[in-house]
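Engineer: Okay, here's the structure, questions in a sec.
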Amino acid sequence: MMQFRLEKRAEPSKFMLYATPIAAVALTMLVGVILFSAIGYNGFAAVGEIFLTPLTNPYKWQELGVKAAPLIIIGVGLSIAYRANVWNIGAEGQYIVGALAATWVALATHGQGGFWILPLMAVAGAIAGMAYAAIPAFLKTKLNVNEILTSLMLTYASVQLIFFLIRGPWKDPMGIGFPQSRRFDVAARLPNLTVENFGFLGDGALILKGLVERVHYGVPLAIFIALVVWFIMTRTVFGYRMRVVGAAPHAARYGGFSQNKTIWMAMLVSGGLAGLAGMLEVAGPFQRMVPGFATNYGFTAIIVAFLGRLNPLGVIFAGFVLAITFVGGQIAQTTMGLPDETTGIFQALMMFLLLAGDILIKYRIRRVQPDARVGAA
Amino acid sequence: MDLTIAIIVTVVGASTPILIAALGELVVERAGVLNLGVEGMMLIGAVVGFIVQFHTGQPLLALLAAAVAGVLSSLIFGFLTLSLSANQTATGLALTIFGTGFSALIGANYSARPVPLMDSVLPETIADHPIARVLLGYSLPVYFAFFMVFAVWFFLKKTRSGLILRAVGENDHSAHSIGYSVLGVRYLAIMFGGAMAGIAGACFPLLLTPQWAEGMTAGRGWIAVALVVFASWRPMRLLFGAYLFGLVMTMEVYIKAGGGLFSAIPAELWAALPYLATIVVLVLISLKRDASTNAPACLGRPFMPGN
């Protein structure tokens with residue numbers, strides 16, 4: 001019988017580092033076919049609708065951008081934190097309070113108008129996200145309380161905060177009893193891209209018309225943020241420091257890098273970006289605060305960060321991959337009656353397969369011939 | 001008197017699933033593994049328990065099926081973190097995301113359909129007596145939880161196998177070098193944790209609300225993980241912690257009924273209270289951290305034999 005054995009590589013494989021996320025996506029589709037066939041669906045059709053239709057139908061591309069934007073922004077922040085070994089898994093809560101702060105600005109400036117409202121909402125969202133992330137950061141640095149549990153508990157609390165505000169103080173007076181805030185003024189809504197933005201393309205811009213109508217400014221902003229963070233992390237002392245503290249805490253201490261400062265930075269940056277993503281969502285697609293605002297983007301972004309190998313450029317790629325599963329999940333729901341939750345299973349499968357593949361970075365698989373083994377021993 | 005009894009009965013009910021899940025996680029962590037997938041395994045246990053109860057009406061079968069489902073889902077975690085030495089934190093999170101989606105998928109056709117709750121162990125007529133009601137008026141999982149507190153304590157403290165499990169959690173390399181299978185022990189511990197989380201999940205439809213609802217465990221699995229820290233990895237303290245939480249979770253109903261100052265507090269704050277209380281408890285426990293409240297030394301560290 002053939003046997004396999006793991007052999008430690010002298011150096012981590014760069015090739016595997018980047019090949020395994022792609023393999024994880026491909027294998028997810030394969031496992032998906034098997035899994036969905038096993039529970040009585042047409043597995044090939046399901047995987048096709050979820051993974052391919054969003055790509056082959058150009059009118060779904062803008063949906064991909066709209067879904068990918070918050071995932072990329074939150075995922076970039078989380079990748080910084082995870083690199084520094086700071087386990088902020090409460091991004092969902094920071095995303096929610098960011099959106100609540102932005103909503104507060106929008107409601108407080110209702111009827112005023114002005115170009116400054118959107119920037120103010122963005123600042124409020126980012127600060128609120130930071131403030132919410134500061135709680136686990138404080139507890140971690142001062143009292144060594146596990147940041148995983150505290151950031152997550154705060155997420156559950158933030159969902160209740162949405163309910164409290166939209167049932168009470170922020171309830172839309174015109175909402176016929178619905179627990180939701182009033183719709184934001186135009187000045188507090190994130191505008192969509194228009195064909196005029198692409199004027200430099202001349203007549204070619206018209207081709208874009210149908211493809212950009214639903215894409216708001218948060219989408220290009222998300223990619224811009226990822227590029228800026230990539231530059232900071234790879235080209236500046238700050239980025240170097242964050243990476244060293246995560247990879248080798250002892251060396252970092254010798255190098256005079258304070259661990260506490262790193263925890264603070266990691267939490268504030270990831271919380272601030274999650275808060276900003278919350279502002280972009282509430283001012284963009286939602287345009288008001290509703291009970292269903294907790295969309296799980298904060299949790300999905302954990303998968304985005306890992307699938308993107310904690311690298312901002314990889315996060316752009318991973319953000320679009322996860323966006324495909326969201327958009328494809330909706331397509332499969334209407335065309336095949338596949339339940340909404342299917343998306344979550346594909347996302348989790350991707351994460352499992354990615355984590356399983358990680359072993360190939362540090363180890364190689366060697367085939368061991370039974371007779372050769374005696375000689376080797 | 002009636003109100004007191006009602007409070008005790010509700011608190012015991014609410015505490016039971018947290019206690020069962022936390023006991024499982026305690027054993028896992030004592031073996032040096034951090035499985036953050038408790039919430040996901042509980043949801044899988046809840047939906048499987050519900051479905052079996054719905055179709056067979058046999059609560060014991062439902063609990064057993066939930067335990068098996070918990071073990072199977074814990075094996076995904078075990079394989080990744082033990083055999084492939086994947087990052088435990090990330091794998092546990094993935095397991096929770098998986099359990100949330102998977103349970104919602106297979107439970108999609110069962111929403112809002114009622115099942116019978118488990119009967120209490122005593123016949124109704126005897127259970128009418130207040131003292132009998134408080135002591136013996138519960139269904140089986142409540143006594144199972146009590147029994148397991150003792151059993152886990154006895155196992156860890158008094159048995160040879162328990163000693164080996166603790167050795168694996170405190171110093172995996174020494175345990176390995178004197179010939180114990182670190183990965184074998186950890187696999188068994190993880191499966192035990194999975195079975196307990198599955199049973200804990202099934203307590204939701206069988207004991208608390210007689211139906212299946214998406215995400216019905218509502219973060220209780222995470223509170224169970226936090227309770228293990230609160231109990232500083234000791235089963236008896238876990239018992240105390242779980243009942244404290246049961247009290248916090250059910251306080252709302254009775255204080256509202258009693259009226260007065262507290263009834264002015266918004267419902268959403270009450271709903272957020274268990275989560276906020278968890279944070280407070282974690283802070284309090286960190287303030288009095290000493291040698292007796294330390295985590296197992298190898299907690300969360302991957303182990304590769306032969307390296």
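Here, each number is a calculation from the coordinates, and none is a lab measurement. Predicted model, so just to flag it, every value in this text is computed and none were measured. Glycine gets a Cβ as well: all are built from the backbone with ideal geometry, and neighbour counts include every protein chain shown.
Engineer: Based on DSSP, what percent of beta bridges with both residues in the protein assembly as shown are antiparallel, to the nearest 5? List each step's numbers first, then the result.
Structural biologist: Working: 7 of 8 bridges.
For the protein assembly as shown, the DSSP antiparallel bridge percentage is about 90.
Engineer: Here's something else I'd like to know. Could you give the nm distance between label points at A:I365 and A:L201, where each point is 7 Å from its Cα heading toward the beta carbon?
Structural biologist: Each label point is offset 7 Å from its Cα along the Cβ direction, giving 4.4 nm.
Engineer: Please list, short to long, the whole-number percent of alpha-carbon pairs of the range B:129-187 in consecutive 10 angstrom bins beginning at zero.
Structural biologist: Taking every Cα pair in the range B:129-187, the percentages come to 21, 32, 21, 14, 9, 2.
Engineer: Okay, next question. For A:K8, give me every one of the aspartates and glutamates with a C-alpha distance below 15 angstrom, ignoring sequence neighbours fewer than eight places off in its own chain.
Structural biologist: A:D358
Engineer: Calculate, axis by axis, the spread of Cα positions in the range A:231-326 along the three principal axes, and write the results as whole Å, longest axis first.
Structural biologist: 49, 25, 20
Engineer: How long are the three semi-axes of the equivalent ellipsoid of chain B, in whole Å, if each is the root of 5 times an eigenvalue of the C-alpha gyration tensor, listed from largest down? Don't skip to the end; give the middle numbers.
Structural biologist: Working: eigenvalues 211, 99, 72 Å².
Here the semi-axes work out to 32, 22, 19 Å.
Engineer: List, in order, the whole-Hz ³J(HN,Hα) value for each residue of the range B:4-17 obtained from phi through the Karplus relation with A = 6.51, B = -1.76, C = 1.60 and θ = phi - 60°; use x for Gly and Pro.
Structural biologist: Once rounded to whole Hz, the list reads 4, 5, 4, 4, 4, 4, 5, 4, 4, x, 5, 6, 4, x.
Engineer: Taking neighbour Cβ counts within 10 Å as the exposure measure, how do A:D340, A:D203 sort from fewest upward? List each step's numbers first, then the result.
Structural biologist: Values: A:D340 16, A:D203 6.
Placing the least packed residue first, the sequence is A:D203, A:D340.
Engineer: Now, a different point. List the aspartates and glutamates whose Cα lies under 18 Å from the Cα of A:K60, skipping any in the same chain that are fewer than 8 positions away.
Structural biologist: A:E49, A:E213, A:D340
Engineer: So what's the convex hull volume per residue for the Cα atoms of the range B:189-290, in Å³? Before the final figure, lay out each step's value.
Structural biologist: Details: hull volume 13.2 nm³, N = 102.
Output value, Cα hull per residue: 129 Å³.
Engineer: Right, next: Angle check, please: helix A:312-336 long axis (alpha carbons) against the longest principal axis of chain A (alpha carbons), in degrees 0 to 90, nearest 10.
Structural biologist: Relative to chain A, helix A:312-336 is tipped by roughly 70 degrees.
Engineer: From Cα pairs below 8 angstrom and at least 6 apart in sequence, can you work out the relative contact order of chain A, rounded to a whole percent?
Structural biologist: It comes to 36 percent, rounded to a whole number.
Engineer: Further question: Return the Rg/Rh ratio of the range B:184-243 with Cα-based radii and a Kirkwood Rh.
Structural biologist: Working: Rg = 13.1 Å, Rh = 12.9 Å.
Rg/Rh: 1.02.
Engineer: Around B:G101, what is the net charge, scoring Lys/Arg as +1 and Asp/Glu as -1 over all other residues with Cβ under 14 Å from its Cβ? Intermediate results must be reported in sequence, preceding the final value.
Structural biologist: Values: positive: none; negative: A:D340, A:E341, B:E39, B:E214.
Summing Lys/Arg as +1 and Asp/Glu as -1 gives -4.
Engineer: Between B:L136 and B:V283, what is the spin-label point distance in nm, taking each point 7 Å from the Cα along the Cα→C-beta axis?
Structural biologist: 4.5 nm
Engineer: Report, in whole Å, the centroid distance computed from the Cα atoms of the range A:257-285 and the range B:110-164.
Structural biologist: Centre-to-centre (Cα) distance: 44 Å.
Engineer: Answer with one residue from B:I106, A:T109, B:G78: the one whose Cα lies farthest towards the positive end of the charge dipole of the protein assembly as shown, charges on Cβ with Lys, Arg +1 and Asp, Glu -1.
Structural biologist: B:G78
Engineer: If the only charges are +1 at each Lys and Arg Cβ and -1 at each Asp and Glu Cβ, what is the size of the charge dipole of chain A around the Cα centre, to the nearest 20 debye? Before the final figure, lay out the partial values.
Structural biologist: Details: 28 positive and 16 negative charges, 253 e Å.
Value, rounded to 20: 1220 debye.
Engineer: If you don't mind, another one. For the range A:1-148, what is the charge dipole size about the Cα centre, in debye to the nearest 20, if Lys and Arg each add +1 at the Cβ and Asp and Glu each add -1 at the Cβ?
Structural biologist: 400 debye
Engineer: Tell me which residues come under 5 Å, amide H to amide H, from A:V368 once H is placed; ignore anything under 5 positions away on its chain.
Structural biologist: A:Q3, A:F4, A:R5
Engineer: HN-Hα J couplings of the range A:119-124 from phi, Karplus 6.51/-1.76/1.60, θ = phi - 60°, integer Hz, Gly and Pro as x?
Structural biologist: x, 5, 4, 5, 5, 4
Engineer: Let me ask you something else. How big, in percent, is the set of alpha carbon pairs in the protein assembly as shown lying more than 51 Å apart? Display every interim value, and only then the final one.
Structural biologist: On the way: 26252 of 233586 pairs.
I get 11 percent for the Cα pairs in the protein assembly as shown exceeding 51 Å.
Engineer: Relative contact order, percent, of chain B when contacts are C-alpha pairs under 8 Å separated by at least 6 residues?
Structural biologist: Numbers: 524 pairs, mean separation 112.5, N = 307.
Reported as a whole number, the value is 37 percent.
Engineer: Gap in Å between the Cα centre of the range A:126-173 and the Cα centre of the range A:312-344?
Structural biologist: 27 Å
Engineer: From zero up to wherever the largest Cα-Cα distance of chain A sits, split into 10 Å bins and tell me the percent of pairs in each.
Structural biologist: 5, 20, 29, 25, 14, 5, 1, 1, 0
Engineer: Starting from the coordinates of the alpha-carbon atoms of the range B:45-179, obtain the Kirkwood hydrodynamic radius over all distinct pairs and give the value in Å to one decimal. Mind dumping the intermediate values first?
Structural biologist: Numbers: mean 1/r = 0.0544 Å⁻¹.
The Cα-based Kirkwood calculation yields 18.4 Å.
Engineer: Here's another thing I want to ask about it. Could you give the distance between the Cα centres of the range B:18-44 and the range A:23-101, to the whole Å?
Structural biologist: 27 Å
Engineer: Something else about it: Using amide H atoms built in the peptide plane, which far-off residues or other-chain residues are under 5 Å from B:W212 H to H?
Structural biologist: Answer set, sorted by chain and number: B:A112, B:R113.
Engineer: Moving on. Can you run phi through the Karplus equation (6.51, -1.76, 1.60; θ = phi - 60°) for the range B:84-94 and list ³J(HN,Hα) in whole Hz, with x for Gly and Pro?
Structural biologist: In residue order, the calculated couplings are 10, 6, 6, 4, 5, 4, 5, 5, x, 4, 4 Hz.
Engineer: Can you tell me which of A:355-364, A:105-114 comes out highest on packing, and rank the rest after it, using the mean Cβ neighbours within 10 Å? Could you put the intermediate results ahead of the total?
Structural biologist: Details: A:355-364: 19.5, A:105-114: 15.4.
Going from most to least packed, we get A:355-364, A:105-114.
Engineer: In terms of modelled amide H atoms, which long-range or inter-chain residues lie less than 5 Å from the amide H of A:H216?
Structural biologist: A:L193
Engineer: Considering the dipole of chain A built from charges on the beta carbon (Lys and Arg +1, Asp and Glu -1) around the Cα centre, which of A:I80, A:F238, A:T150 is farthest to its positive end?
Structural biologist: So the residue we want is A:F238.
Engineer: Give, in nm to one decimal, the length gained when the segment between A:I39 and A:D340 is fully stretched (0.36 nm per residue of separation minus the Cα-Cα distance).
Structural biologist: Working: separation 301, 0.36 × 301 = 108.36 nm, distance 1.54 nm.
Using 0.36 nm per residue and subtracting the Cα-Cα distance, I get 106.8 nm.
Engineer: Along the charge dipole of chain B, which of B:A90, B:H176, B:I44 sits closest to the positive end, that is, farthest toward it, with unit charges on the beta carbon of Lys, Arg, Asp and Glu (+1, +1, -1, -1)?
Structural biologist: B:H176
Engineer: Which value, in debye to the nearest 20, gives the size of the charge dipole of the protein assembly as shown about its Cα centre, when Lys and Arg are +1 and Asp and Glu are -1 at the Cβ? Don't jump to the answer; show the numbers that get you there.
Structural biologist: Details: 43 positive and 29 negative charges, 401 e Å.
Computed about the Cα centre, the dipole is about 1920 debye.
Engineer: Relative to the longest principal Cα axis of chain A, at what angle does helix A:259-281 sit, 0 to 90 degrees, rounded to 10?
Structural biologist: 50 degrees
Engineer: Please compute the length gained on full extension between A:L17 and A:F138, using 0.36 nm multiplied by the number of residues separating them and subtracting their Cα-Cα distance. Don't skip to the end; give the middle numbers.
Structural biologist: Working: separation 121, 0.36 × 121 = 43.56 nm, distance 3.34 nm.
In short, 40.2 nm is gained.
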